[in-house]
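Visitor: Got a structure here, written out as structure tokens. Questions coming.
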Amino acid sequence: MANRSQHEYKLKDPKIAAILFSDTRMAVVWLVARLYLGWQWLDAGRHKVLDDGWMDGGTALKGFWERIVAVPEQGQPAITYGWYRDFIQFMLDNEWYTWFARVVAVGEVLIGVSLILGLFTGIAALLGASLNFNFMLAGTASTNPVLFLIALGLILAWKIAGYFGLDAFVLPRIGTPWKAGFAWPHRRNESTSEGNKKLSNATGTK
């Protein structure tokens, strides 16, 4: 029986996935998607930060929460899942809207700016998708399903989605948890040690 530790087993992406999410020739497609999604978030957040109902006391968010937790005598409530309704009610009871409204408003602006500039595109898309997901749980469809799908695409294509943006300059310099950069310098030593180990195995030396 072969020793599995002596053989590397790697799963490769389907060719279509590699082209869509890793090939820089597709970067222009993700640029269009990124700019569209970024503008949607920036525009939504811009209206909120200019609205006292969001930035001063959070009365706008309070009203939204009060509407969605209401259970009508007839028909379906806005929120399908009881646990999510209880969570929103908990935030209402503890007046979280007084500060959470500002977090939402400013967060939407920052997500939009980050996507438009192509800076930490994958992270910005993930945060945006999280907001879309919560809006959908709250019973608000609107454009959220479409924006959520675009965000998922950008998350999968994070390596090239910011190719025409700041990610092209930033990511190679700061590195990632699995590739060396000044943010994860320890990976350099691990990569060197791993390379030396492979060389030793290939040559039969210790």
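Visitor: When you scan region 56-98, how many residues do you find that are β-branched (Val, Ile, Thr), within 17 Å of PHE133 (Cβ to Cβ) and surrounded by 14 or more Cβ atoms within 10 Å (Cβ to Cβ)? Walk me through how you get there before you give the answer.
Guide: The first filter runs over region 56-98 and keeps only residues β-branched (Val, Ile, Thr), leaving 59, 68-69, 71, 79-80, 88, 98.
Filter once more, keeping what is within 17 Å of PHE133 (Cβ to Cβ): 68, 79-80, 88.
Remaining after also requiring surrounded by 14 or more Cβ atoms within 10 Å (Cβ to Cβ): 68, 79, 88.
Summing the residues that are β-branched (Val, Ile, Thr), within 17 Å of PHE133 (Cβ to Cβ) and surrounded by 14 or more Cβ atoms within 10 Å (Cβ to Cβ) in region 56-98 gives 3.
Visitor: Give me the residue from region 105-133 that is over 18 Å from ALA157 (Cβ atoms) and not small (Gly, Ala, Ser) and, out of that set, farthest from the chain's Cα centre (by Cα).
Guide: Per the stated criteria, the residue is VAL106.
Visitor: Let me ask another. Could you look through region 127-137, keep only residues that are free of Cβ contacts under 8 Å to residues at least 60 places away in the same chain and among the small types (Gly, Ala, Ser), and pick out the one that is nearest to ILE88 (Cα to Cα)?
Guide: Checking each candidate, the answer is SER130.
Visitor: State yes or no: is ARG102 among the charged types (D, E, K, R), over 23 Å from the mean Cα position of the chain (by Cα) and under 30 Å from GLY38 (Cα atoms)? Spell out the reasoning first.
Guide: Values: among the charged types (D, E, K, R): yes; over 23 Å from the mean Cα position of the chain (by Cα): no; under 30 Å from GLY38 (Cα atoms): yes.
In short, no.
Visitor: Can you find a residue in region 92-111 that is closer than 30 Å to ILE19 by Cβ, among the β-branched types (Val, Ile, Thr) and assigned to a helix (DSSP H, G or I)? Spell out how you get there, then give the answer.
Guide: In the first step, residues of region 92-111 are kept if they are closer than 30 Å to ILE19 by Cβ; the result is 111.
Imposing the further condition that a residue be among the β-branched types (Val, Ile, Thr) reduces the set to 111.
Within this subset, residues satisfying the condition of being assigned to a helix (DSSP H, G or I) are 111.
Looking for residues that are closer than 30 Å to ILE19 by Cβ, among the β-branched types (Val, Ile, Thr) and assigned to a helix (DSSP H, G or I), one finds at least one in region 92-111, hence yes.
Visitor: Give region 101-129 a look and list any residue that's touching a Ser or Thr at 6+ places or on another chain (Cβ under 7 Å) and either closer than 14 Å to VAL49 by Cα or surrounded by fewer than 22 Cβ atoms within 10 Å (Cβ to Cβ) (or both), or say none.
Guide: The answer is PHE120, and nothing else.
Visitor: One residue is enough: does region 138-145 have a residue meeting the conditions more than 15 Å from ALA33 (Cα to Cα) and either modelled with pLDDT of 95 or more or acidic (Asp, Glu) (or both)? Quick ask: steps written out before the conclusion?
Guide: Taking region 138-145 as the starting set, the residues that turn out to be more than 15 Å from ALA33 (Cα to Cα) are 138-142.
Add one more test, that the residue is either modelled with pLDDT of 95 or more or acidic (Asp, Glu) (or both), and what stays is none.
No: region 138-145 contains no residue that is more than 15 Å from ALA33 (Cα to Cα) and either modelled with pLDDT of 95 or more or acidic (Asp, Glu) (or both).
Visitor: Can you list residue pairs whose Cβ atoms sit under 7 Å apart, with the first residue in region 138-155 being at negative phi and the second being part of a loop (DSSP other than H, G, I, E, B) and of a type in the set (Gly, Ala, Ser)? Count only pairs 6 or more apart in sequence or on different chains.
Guide: Partner pairs satisfying both residue conditions: ALA138/ALA78.
Visitor: A further question follows. Filter region 38-90 for residues that are closer than 29 Å to ILE116 by Cβ, touching a helix residue (DSSP H, G or I) at 6+ places or on another chain (Cβ under 8 Å) and aliphatic (A, V, I, L, M) and give the result.
Guide: Result: LEU42, ALA44, VAL49, MET55, ALA60, LEU61.
Visitor: On to the next question. Say whether the condition of being among the hydroxyl-bearing types (Ser, Thr, Tyr), assigned to a helix (DSSP H, G or I) and touching a helix residue (DSSP H, G or I) at 6+ places or on another chain (Cβ under 7 Å) is met by at least one residue in region 128-142. Break it down into steps so the answer makes sense when it comes.
Guide: As a first pass, look at region 128-142 and keep what is among the hydroxyl-bearing types (Ser, Thr, Tyr): 130, 140, 142.
Pick out the ones that are also assigned to a helix (DSSP H, G or I) and you get 130.
Those left that are additionally touching a helix residue (DSSP H, G or I) at 6+ places or on another chain (Cβ under 7 Å): none.
No, every residue in region 128-142 fails to be among the hydroxyl-bearing types (Ser, Thr, Tyr), assigned to a helix (DSSP H, G or I) and touching a helix residue (DSSP H, G or I) at 6+ places or on another chain (Cβ under 7 Å).
Visitor: Another one. Do we have ALA138 as within 12 Å of the chain's Cα centre (by Cα) and either closer than 29 Å to ALA70 by Cα or not charged (D, E, K, R) (or both) here? Write out each step before concluding.
Guide: Numbers: within 12 Å of the chain's Cα centre (by Cα): no; either closer than 29 Å to ALA70 by Cα or not charged (D, E, K, R) (or both): yes.
In short, no.
Visitor: Suppose we filter LEU31, LEU42, LEU35, LEU50 for residues that are free of Cβ contacts under 8 Å to residues at least 24 places away in the same chain and either surrounded by fewer than 20 Cβ atoms within 10 Å (Cβ to Cβ) or charged (D, E, K, R) (or both); which single one remains? Talk me through it step by step, then tell me what you get.
Guide: Values: LEU31 fails: free of Cβ contacts under 8 Å to residues at least 24 places away in the same chain; LEU42 fails: free of Cβ contacts under 8 Å to residues at least 24 places away in the same chain; LEU35 fails: free of Cβ contacts under 8 Å to residues at least 24 places away in the same chain.
So the residue among LEU31, LEU42, LEU35, LEU50 that is free of Cβ contacts under 8 Å to residues at least 24 places away in the same chain and either surrounded by fewer than 20 Cβ atoms within 10 Å (Cβ to Cβ) or charged (D, E, K, R) (or both) is LEU50.
Visitor: Another question, if that's okay. Let me spell it out: the conditions are (1) at pLDDT below 95; (2) closer than 22 Å to ALA33 by Cβ, and LYS179 meets all of them except one. Which number is the exception?
Guide: If we test LYS179 against (1) at pLDDT below 95; (2) closer than 22 Å to ALA33 by Cβ, just (2) comes out false.
The values are calculated or read from the model by the stated rules, or taken from the named source; none is laboratory data. Bear in mind that the values here come from a model prediction, so they are computed numbers and not experimental data. We place every Cβ from the backbone using ideal geometry, glycine too, and count neighbours over all the protein chains shown.
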